[in-house]
Amino acid sequence: MRIPDIIIAIDGYSSTGKSSFAKLIAKEFGFLYLDSGALYRGVTLYAVEHSLIDSRNVIDEKALAEALPGIDLHFEDKGGCTMTYMGERCIEKEIRSLPISQKVSPVSALAVVREYVDRKLRELGSRKRVVIDGRDIGSTVFPDAEIKIFMTAAPEVRAMRRLREMQAKGEDVKFEDVLANVRERDYIDSHRKVSPLAKASDAVLLDNSDMTIEDQMVWIRNLIAGKFGNE
Ligand code: DC
């Protein structure tokens, strides 16, 4: 299926499988995949490594704001996989670590950080043929994106998916704790002051509670065919 030069924005709750879905869409249509969460994680890594955030998550906002223009965060395509870089250093692994995951929420809540990430995404998105996942891509960063998807799934289903991922990594966790964390992140993401998680009025809702990734690919092909025709 051929599709025009468009932007596909995928937002939604945590652990709904946004990035897996976005990566597959990028592969299928030959688009570039942009992971907006990776940029928030990259800024957080910088803040941690430069002691700009303390153990109580108090951030030296002024120093971080001054540093931001010089943090060379970017993506590089490595054999079809989008990897996140800070300068010459690949930070893909570090930004997914638990210490960074635990600090990314307060960092991503800062307006100055959101402006920095938004600017970067808009620069990258101007080339079109991109699929971007995040929390506010269709609502704030690219309100004119041609395709906007908002993903959700029952909290219990998302918690079970996360539990399996964590168990696969050898972590010893209880379902109830993971479920509590999913609910807590939903609350924080939806209630923060700047750019809270919210479905754009023109986004299409995708509840994948009972869907496989193959079902979702059928769903997106139909969505795209309905919008642009089936070439
Ligand atoms: O998708 P993720 O878990 O990698 O995102 C990391 C954090 O960044 C998460 O706490 C939510 C935040 N984020 C955001 O506020 N806005 C985005 N567009 C993407 C991520």
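Matching residues to (1) away from the ligand (no atom under 16 Å from the Cβ); (2) small (Gly, Ala, Ser); (3) surrounded by fewer than 22 Cβ atoms within 10 Å (Cβ to Cβ):
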site: PRO4; (1), (2), (3): yes, no, yes
site: ILE10; (1), (2), (3): no, no, no
site: ALA22; (1), (2), (3): no, yes, no
site: PHE29; (1), (2), (3): yes, no, yes
site: LEU32; (1), (2), (3): yes, no, yes
site: ILE53; (1), (2), (3): no, no, yes
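Here ASP60 clears all of (1) open to solvent by 80 Å² or more (accessible area, probe 1.4 Å); (2) more than 21 Å from TYR33 (Cβ to Cβ); (3) modelled with pLDDT of 95 or more except the condition numbered (1). The single condition among (1) closer than 30 Å to MET1 by Cα; (2) out of contact with any Phe, Trp or Tyr (no Cβ under 7 Å at 6 or more places or on another chain); (3) not charged (D, E, K, R) that GLY87 does not satisfy is (1).
Going residue by residue through the stretch 213-230, is there one that turns out to be within 16 Å of the ligand (Cβ to nearest atom) and either in contact with a Lys or Arg (Cβ under 7 Å, 6 or more places away or on another chain) or more than 27 Å from ASP118 (Cβ to Cβ) (or both)? Scanning the stretch 213-230, I find no residue that is within 16 Å of the ligand (Cβ to nearest atom) and either in contact with a Lys or Arg (Cβ under 7 Å, 6 or more places away or on another chain) or more than 27 Å from ASP118 (Cβ to Cβ) (or both), so the answer is no.
Counting residues in the stretch 114-125 that are of a type in the set (A, V, I, L, M, F, W, C) and crowded, with 19+ Cβ neighbours inside 10 Å gives one or more. Would you check if GLY42 is at pLDDT below 95 and within 14 Å of the ligand (Cβ to nearest atom)? When the stated conditions are applied, GLY42 does not pass them. Annotation note: Cβ proximity below 7 Å between a residue of the stretch 71-96 that is open to solvent by 30 Å² or more (accessible area, probe 1.4 Å) and a residue that is in a strand (DSSP E or B) and β-branched (Val, Ile, Thr) (sequence gap 6+ or interchain) occurs for PHE75/THR82; PHE75/THR84; GLU92/THR84. Among the numbered conditions (1) farther than 17 Å from GLY12 by Cα; (2) surrounded by fewer than 20 Cβ atoms within 10 Å (Cβ to Cβ); (3) in contact with a Lys or Arg (Cβ under 8 Å, 6 or more places away or on another chain); (4) not acidic (Asp, Glu), the only one that VAL178 does not meet is (2). Take the stretch 214-231 and flag every residue that is loosely packed, with under 12 Cβ neighbours inside 10 Å and in contact (Cβ under 8 Å) with a residue 40 or more places away in the chain. Residues satisfying the conditions are ASN230, GLU231.
Taking the criterion of being in a loop (DSSP other than H, G, I, E, B) and within 16 Å of the ligand (Cβ to nearest atom), the residues of the stretch 177-207 that qualify are ARG192, LYS193, VAL194, SER195, PRO196, LEU197, ALA198, LYS199, ALA200, ALA203.
The values are calculated or read from the model by the stated rules, or taken from the named source; none is laboratory data. All values reported here derive from a predicted model rather than from experimental measurement. All Cβ positions, glycine included, derive from the backbone under ideal geometry; neighbour counts span all protein chains shown. Note: areas computed on protein heavy atoms with side chains; ligands, DNA, RNA excluded. Shrake-Rupley method; radii C 1.70, N 1.55, O 1.52, S 1.80 Å.
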